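Trainee: Please see the structure below; I have some questions.
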Amino acid sequence: MRTIGSSSIINENTHQPMISTLSMVVETVVNLRRQGHRVVLVSSGSIATGLKRMDMAQKPKSLSGKQALAAIGQGRLIALWDNLFGHVDQPIAQVLLTRGDISDRTRYLNAVNTFNELLLMGVVPIVNENDTISVSEIKFGDNDTLSAITSSMIHADYLVLLTDVDGLYTANPRKDPSARHIPVVDSIPTIRSQVSTTTMGSNLGTGGMETKLIAADIATAAGTTTIITSSRDPTEVLRIIECYNNGNFASSEGASSTDKADGASANSDALQPPLHTMFVPSPTPMNDLKAWTAHTLSPAGSVVVDAGAHRVLGRRSSGGRLLAAGVLGVIGTFASGQAVRIVVPQEGATSYTYENTVEVGRGLANYNWEQVSRVKGLNSSLLPDVLGYADSEYVVEHITIRVPLNA
């Protein structure tokens, strides 16, 4: 699974596609397939390509203007990819997604089946957000997030984010000469306190290093090894993947484990991969339903839980299920089966609003907001008496806690 941003394939000033880079991406994808890998490519660039076609200097500010440029550019962009892949007889397929396309469970599973079928056919799916119809409520927002969700959908082994820097640094290396490269990230919450992600994306793109961290958080939670590396020479991805497949994992000092064990030089090209940052995948990946709930659905409301419920839900043994006894209240309205935020009140809060609560996770409601409000704090055995029925003893299930409360 690979993603490449607009600024990596489209010249920011001339809006011309960078054919040499695109060709190296094609070469890399084809070589990965020859090695037995199944590859999905997430590619930005439709709006930038539309800018070139219409001879416009910069993106319009209006949503309709951007959507029109995306409609103009998307066909030309996929034609360019098809032409380049066609020279090496590699079939491709265009897959355009919005968050709305996969917020319905049936449509989500249909998308998963389509990806799997394309990969079985030996086709390289090229994914982009459907910017021609997306509005803010259903946008992924950037292709880093889109690629992470796609990697979760197909259970990818690797997600490679090609960008204009060769990994994660403690600060912007272009502005701060003391910026230190970070080769391995074991904990994304911990690394956030050690690095600056204030660098914004390019004029053509929408991302930056912050979106890379968000993508890594989504992908690693699903068990996918995530790599950030430079797009200057996409063929170096082959060396990175080869090193990891051979067990030559980068250490925090920048040398591979095999280098150290064998006493070999840390500069050995045969063992040392190109500069990059690797995010370690979770040893206990969340299941597909939890991943879908946590990352593809827009929550309809919130369920407020107490500290005890928060602590229990953070344990794997809880199964991600919330009893009514741990509920303090609800915020907003939601129906049974909709995604909800799991929130905890800030210290001193006596009533619950979006302003004085903190989101710690998400799940799927088994009852609507009014029913959950009626049974809050009660023992589960009382649900049939209060509601007249009880489809489940749990008010919310398939919960993923993002911010655990330590015991």
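The values are calculated or read from the model by the stated rules, or taken from the named source; none is laboratory data. All values derive from a computational prediction rather than experimental measurement. Because the Cβ atoms are built from the backbone with ideal geometry, glycine has one as well, and the counts that use them run over all protein chains shown. Just the protein is used for accessible areas: all its heavy atoms, side chains included, with ligands, DNA and RNA removed. Shrake-Rupley method; radii C 1.70, N 1.55, O 1.52, S 1.80 Å.
Trainee: Which longest uninterrupted range of the chain lacks any trypsin sites (Lys or Arg not before Pro) assigned by DSSP to a loop state (not H, G, I, E or B) and surrounded by at most 10 other Cβ atoms within 10 Å?
Mentor: It runs 176-407.
Trainee: Let me check I have the definition right: for the range 297-401, take the eigenvalues of the Cα gyration tensor, multiply each by 5, take square roots. What are those semi-axes in whole Å, largest first?
Mentor: 19, 15, 14
Trainee: Let me ask another. Can you tell me what share of the DSSP beta bridges in the chain is antiparallel? A percent to the nearest 5 is fine.
Mentor: The answer is about 50 percent antiparallel.
Trainee: Excluding L378 itself, calculate the net charge of residues whose Cβ lies under 15 Å from the Cβ of L378, where each Lys or Arg counts +1 and each Asp or Glu counts -1.
Mentor: So the surrounding residues net to -2.
Trainee: Further question on the same structure: Out of residues 5 or more away from G329 or on other chains, whose amide H comes under 5 Å of its own, with H placed 1.01 Å from N in the peptide plane?
Mentor: Placed amide hydrogens put V304 under 5 Å from G329.
Trainee: Could you calculate, for the range 1-145, the ratio of the Cα radius of gyration to the Kirkwood radius, expressed as Rg to Rh?
Mentor: We get a ratio of 0.97 for the range 1-145.
Trainee: Follow-up question, since we're still on this one. Please report the carbon-and-sulfur percent of the accessible area for the chain; probe 1.4 Å, protein heavy atoms only, DNA, RNA and ligands left out.
Mentor: In the chain, the share of accessible area belonging to carbon and sulfur is 49 percent.
Trainee: When Cα extents along the principal axes in Å is calculated directly from the model, which label among [x] 69, 56, 44; [y] 87, 42, 40; [z] 60, 52, 44 fits?
Mentor: So the structure-derived entry is [x].
Trainee: Could you give each residue of the range 176-192 its phi-based ³J(HN,Hα) in whole Hz, using Karplus coefficients 6.51, -1.76, 1.60 with θ = phi - 60°, and x for Gly or Pro?
Mentor: 10, x, 8, 4, 10, 6, 10, x, 9, 10, 8, 9, 5, x, 5, 5, 4
Trainee: Moving on to the next point. Could you work out the relative contact order of the chain? I mean the mean sequence separation of Cα pairs under 8 Å and 6+ apart, divided by the number of residues, in percent.
Mentor: 13 percent
Trainee: Using only DSSP helix segments of four residues or longer, with each worth -39500 (n - 2.57), what per-residue ellipticity at 222 nm results for the chain after dividing by its residue count and rounding to 500?
Mentor: After summing the helix terms and dividing by residue count, I get -10500 deg cm²/dmol.
Trainee: Further, regarding this structure: Around D233, which amide H atoms from residues at least 5 apart in sequence, or from another chain, sit under 5 Å from its own amide H, with H modelled in the peptide plane?
Mentor: Answer set, sorted by chain and number: none.
Trainee: In the chain, how many lysine pairs have Cα atoms under 18 Å apart, counting only pairs 8 or more places apart or on different chains?
Mentor: Pairs that pass both the separation and distance tests number 6.
Trainee: Accessible area per residue of the chain at 1.4 Å probe, in Å²?
Mentor: With all protein chains present, the chain gives 45 Å² per residue.
Trainee: Sticking with this structure for a sec: With +1 on each Lys and Arg Cβ and -1 on each Asp and Glu Cβ, how big is the dipole of the range 297-401 about its Cα centre, in debye rounded to the nearest 20?
Mentor: Approximately 280 debye in magnitude.
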